[in-house]
Each structure stands twice: as C-alpha cells, then as structure tokens.
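Trainee: One structure, as structure tokens, below. Some questions next.
The values are calculated or read from the model by the stated rules, or taken from the named source; none is laboratory data. None of these values were measured; they are calculated from a predicted model. Methodologically, a virtual Cβ is constructed for each residue, glycine included, from the backbone with ideal geometry; neighbour enumeration extends over all protein chains shown. Heavy atoms of the whole protein, side chains included, go into the accessibility calculation; ligands, DNA and RNA do not. Shrake-Rupley method; radii C 1.70, N 1.55, O 1.52, S 1.80 Å.
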Amino acid sequence: MDSGVFTLASAPAAAAAFSRLDDYPAKISQSMHRARCKLPVALARALSDQPQLIAAASEAFYDREPTQMNVCQRMSQFPPEPSAMVSVQFNRVQYAKITSQDIHVPLAFNLPSVDSNDYKACVLGMKVVCICVTGECDILLVIIIANKLQTLTVATKVLLSE
C-alpha cells in the first residue's frame, strides 16, 4: 500500500482495496467483450477507426427517452443498408447496457428469424444504429462529417480537435 495515500479506512481494508488496483491497467483487457454486429458500412468504418465511440452509444442507449426512438422509424439519415457484419469491442458494462433493454424494431430493419445465427448480431447492430440516429452520440457526427468530406480519418480529426 502507498503510505502517501490517506484513507479513512482501516489499514487492512485499505490494503485490500489497493491490492485490487495493483492489477490495473493490465486487467482491463479481461473486462472487454467482442460481439458481432450488423452495422451500416459508414458506422462500421467509424467504429473501426474510433472504437472508443461505442461508449457514447451504449451510454446514450441506456439513458434514452422512449420518444427518441421515433427517429429510428424513418432512418433517413442512416439507412441500414449497405451493411457489414463486423466485430465490435465493448466492455462488459457497455455490452450489458445495450443487450439488456428491448426496443421496437424500426420499419427500416428486416431482422432475420430468431432461429438464425445472425439474429443476435442484427439486433445488437440495430440498437447501436438507432441510438446513433437519434443524435445522442458522437458517432453520428463522425458519419455526417465523413460523408461530406469523403474521408473518415479527416472527419474524426476534425471532431476530436474541437
């Protein structure tokens, strides 16, 4: 235990708490989860270039208002096709936030049957897309800028420099 850190806890309790921290940051990789998602190509490209943006999407999805999902019915800004099956990295909490909540399937999405091997990937991708369409996460801004500039790298640099 670092003797320079003051705590109100007893010495054994503080030692136990600090001993758990010794494993970090190396232990972070153990809490990561990869999941298949069917995403529009532009969104898949954005997450490939800036994987940390999934944090904003998962947080926004979990904290959303039901009325925000109405935007998903139109999908005018972000049509679900063309799409690609990609692997997206979440931490366990982000993945749990997105998978634990249900939404009504927007009309623009044609999900495969529940028995399909791709069903879970399509539902997870649909949830990520819907929250990005509502404008509640930075991914949508990256996509809009990228479409206008035709270069995702330039778009993310512009967004991150602000």
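Trainee: Return yes or no: is A13 open to solvent by less than 70 Å² (accessible area, probe 1.4 Å) and small (G, A, S)?
Mentor: Considered against the rule, which asks whether it is open to solvent by less than 70 Å² (accessible area, probe 1.4 Å) and small (G, A, S), A13 comes out as yes.
Trainee: Would the range 118-126 turn up any residue that is open to solvent by 70 Å² or more (accessible area, probe 1.4 Å), modelled with pLDDT of 90 or more, over 14 Å from E59 (Cβ atoms) and in a helix (DSSP H, G or I)?
Mentor: Yes: the range 118-126 contains one or more residues that are open to solvent by 70 Å² or more (accessible area, probe 1.4 Å), modelled with pLDDT of 90 or more, over 14 Å from E59 (Cβ atoms) and in a helix (DSSP H, G or I).
Trainee: Here's something else I'd like to know. How many residues does the range 16-43 hold that are open to solvent by 70 Å² or more (accessible area, probe 1.4 Å), in contact with a strand residue (DSSP E or B) (Cβ under 9 Å, 6 or more places away or on another chain) and in a helix (DSSP H, G or I)?
Mentor: Residues flagged as open to solvent by 70 Å² or more (accessible area, probe 1.4 Å), in contact with a strand residue (DSSP E or B) (Cβ under 9 Å, 6 or more places away or on another chain) and in a helix (DSSP H, G or I) within the range 16-43 amount to 1.
Trainee: Still on this structure, I have one more. With respect to C132, is the statement that it is crowded, with 18+ Cβ neighbours inside 10 Å, closer than 16 Å to K38 by Cβ, within 13 Å of the chain's Cα centre (by Cα) and at pLDDT below 90 true?
Mentor: Yes: the conditions hold for C132.
Trainee: Then there's this: Find the residue count for the range 61-116, including only residues that are in a helix (DSSP H, G or I) and either hydroxyl-bearing (S, T, Y) or at pLDDT 70 or above (or both).
Mentor: Of the residues in the range 61-116, 11 are in a helix (DSSP H, G or I) and either hydroxyl-bearing (S, T, Y) or at pLDDT 70 or above (or both).
Trainee: Scanning the range 44-54 for residues that are within 17 Å of G125 (Cβ to Cβ) and without any contact (Cβ under 8 Å) to a residue 60 or more places away in the chain, which turns out most open to solvent (accessible area, probe 1.4 Å)?
Mentor: Looking at residues that are within 17 Å of G125 (Cβ to Cβ) and without any contact (Cβ under 8 Å) to a residue 60 or more places away in the chain, I get S48.
Trainee: Take A9 and decide whether it is touching a helix residue (DSSP H, G or I) at 6+ places or on another chain (Cβ under 8 Å) and either modelled with pLDDT of 80 or more or among the acidic types (D, E) (or both).
Mentor: When the stated conditions are applied, A9 does not pass them.
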